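What follows is a single structure, written as structure tokens, with notes after it.
The values are calculated or read from the model by the stated rules, or taken from the named source; none is laboratory data. From a predicted model like this one, the values you see are computed outputs, not experimental measurements. Note: ideal-geometry Cβ built from the backbone for every residue, glycine included; neighbour counts use all protein chains shown. Heads up: the accessible areas ignore ligands, DNA and RNA and are worked out on the full protein's heavy atoms, side chains in. Shrake-Rupley method; radii C 1.70, N 1.55, O 1.52, S 1.80 Å.
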Amino acid sequence: AALSPGVDLNDVGFLSRGDLVEWGAEVKGYYLRPWGPFLRWDLSLETEIDWNYDGTRLQTSSDLSFWGDTPTSGRVHVHLGREFASMDDGDVRRGGPVIERRSEVWAHGFATTDPGRLLSFNVRPDVRHGANGDSWSRSLRIGAEYRPLPSVWLSVTPEYERRRNDAQWVDRIDETVDGGAVPHYVYGELDSEILDLSTRARLSFTPDLSVELFLQPFVAIGDFRRFKELLEPETYRFAPYDLGDSRDFHRRSLKSNLVLRWEFRPGSLLYVVWAQSRSARLQDVDRGDLQLRPLRRLGSAFTDDGSNVFLTKVSYWLPM
């Protein structure tokens with residue numbers, strides 16, 4: 001696949017970036033008879049290499065993936081991979097340089113019980129570890145779905161992530177030397193924690209009338225330890241840098257939507273929507289603000305400043 005630097009497809013869907021050339025290969029095998037605890041399973045081996053249009057290699061990876069279906073309609077997934085050393089141009093769009101990307105290994109999994117049961121569960125662990133040992137991440141998502149009646153559905157999915165980044169982009173600071181500007185590309189060692197609690201619910205009064213809820217409080221905190229300057233682009237060599245201020249952060253948000261859907265005649269629909277958006281970004285972050293305290297932080301997201309939007313939409317099917 002190839003995406004030119006100026007490509008823009010956001011009118012028809014989400015595009016994370018352009019300026020990318022991708023090459024990949026995959027070998028996959030299936031075993032469609034019962035084997036051990038599985039009714040059937042498949043195993044695949046994949047490799048991928050990415051470049052930008054300047055010819056800079058952005059990724060070289062290999063991974064091994066396993067999917068298995070159990071006799072109780074559950075699924076199990078194990079995914080192991082390795083990212084080899086390459087370059088990272090993600091900071092260029094923020095005024096930074098191309099920087100060397102260290103190699104890392106990662107593993108993530110997925111397991112779910114029978115989704116057709118009254119109560120079902122799923123779990124998604126993820127682990128990443130850099131080759132130098134200074135960058136790593138751990139995350140865990142646990143989901144529960146409850147269906148007491150065909151007309152009632154509730155899903156709750158908490159997710160927690162803890163991450164350490166040995167070289168997190170901070171800022172470009174230009175210093176005037178002999179009448180010219182000398183850029184300093186500043187990075188920091190960042191310890192961060194992220195917690196969100198996504199809740200979805202649906203209540204159907206009749207096949208034509210239903211109410212749906214989406215609710216997501218979110219908290220992210222970050223503690224910068226040491227700042228350092230990249231000595232040369234396309235390397236991973238740094239020197240200590242005295243930034244002179246704190247870049248620690250504490251951010252909260254709440255996104256929610258409540259939607260009433262009524263099909264008042266075949267093909268004709270009325271939507272009534274209440275959308276709420278709240279957020280807070282603390283300016284002076286102290287040590288207490290860098291403690292996660294899950295219940296307190298998520299609860300605060302419901303009282304932060306925000307906006308409420310009410311809207312309606314009607315579509316009418318004309319019999320022609």
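Restricting the range 142-155 to residues that are open to solvent by less than 50 Å² (accessible area, probe 1.4 Å), part of a strand (DSSP E or B) and touching a residue at least 40 places away in the same chain (Cβ under 8 Å), the residue that is farthest from residue 113 (Cα to Cα) is 152. It is to be established whether one or more residues within the range 13-28 are without any contact (Cβ under 8 Å) to a residue 12 or more places away in the chain and open to solvent by less than 40 Å² (accessible area, probe 1.4 Å). The answer is yes, given that some residue of the range 13-28 is without any contact (Cβ under 8 Å) to a residue 12 or more places away in the chain and open to solvent by less than 40 Å² (accessible area, probe 1.4 Å). Here residue 110 meets the list (1) in contact with a Phe, Trp or Tyr (Cβ under 6 Å, 6 or more places away or on another chain); (2) surrounded by fewer than 18 Cβ atoms within 10 Å (Cβ to Cβ) almost entirely, failing just condition (1). For residue 104, the conditions (1) surrounded by 16 or more Cβ atoms within 10 Å (Cβ to Cβ); (2) closer than 30 Å to residue 154 by Cα all hold with the exception of (2). Quick check on residue 309: is it under 30 Å from residue 207 (Cα atoms), among the β-branched types (Val, Ile, Thr) and either at pLDDT 90 or above or under 28 Å from the mean Cα position of the chain (by Cα) (or both)? Taking the combined requirement at face value, the residue satisfies it.
For the range 205-238, filtered to residues that are touching a residue at least 60 places away in the same chain (Cβ under 8 Å) and aromatic (Phe, Trp, Tyr), the residue that is nearest to residue 287 (Cα to Cα) is 218. Do the conditions hold for residue 278, that is, is it surrounded by 13 or more Cβ atoms within 10 Å (Cβ to Cβ) and not hydrophobic (A, V, I, L, M, F, W, C)? Answer is yes for this residue. Pairs meeting the criteria (first residue in the range 56-70 and closer than 28 Å to residue 97 by Cα and assigned to a strand (DSSP E or B), second residue open to solvent by 30 Å² or more (accessible area, probe 1.4 Å) and among the polar types (S, T, N, Q), beta carbons under 6 Å, at least 6 apart or on different chains) are 62/47.
This table checks each residue for (1) open to solvent by 40 Å² or more (accessible area, probe 1.4 Å); (2) of a type in the set (Asp, Glu); (3) not in a helix (DSSP H, G or I).
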position	(1), (2), (3)
289	no, yes, no
298	no, no, no
302	yes, no, yes
310	yes, no, yes
314	yes, no, yes
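Residues checked against (1) open to solvent by 40 Å² or more (accessible area, probe 1.4 Å); (2) assigned to a loop (DSSP other than H, G, I, E, B):
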residue: 187; (1), (2): no, no
residue: 194; (1), (2): yes, no
residue: 222; (1), (2): no, no
residue: 245; (1), (2): yes, yes
residue: 262; (1), (2): yes, no
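If you check 62, 137, 120, 73 for being of a type outside the set (Phe, Trp, Tyr), open to solvent by 30 Å² or more (accessible area, probe 1.4 Å) and modelled with pLDDT of 95 or more, only one passes: 62. Restricting 126, 50, 54, 88 to residues that are out of contact with any strand residue (DSSP E or B) (no Cβ under 7 Å at 6 or more places or on another chain), acidic (Asp, Glu) and under 30 Å from residue 3 (Cβ atoms) narrows the list to 54. There is at least one residue in the range 156-170 that is in a strand (DSSP E or B), surrounded by 15 or more Cβ atoms within 10 Å (Cβ to Cβ) and touching a helix residue (DSSP H, G or I) at 6+ places or on another chain (Cβ under 7 Å).
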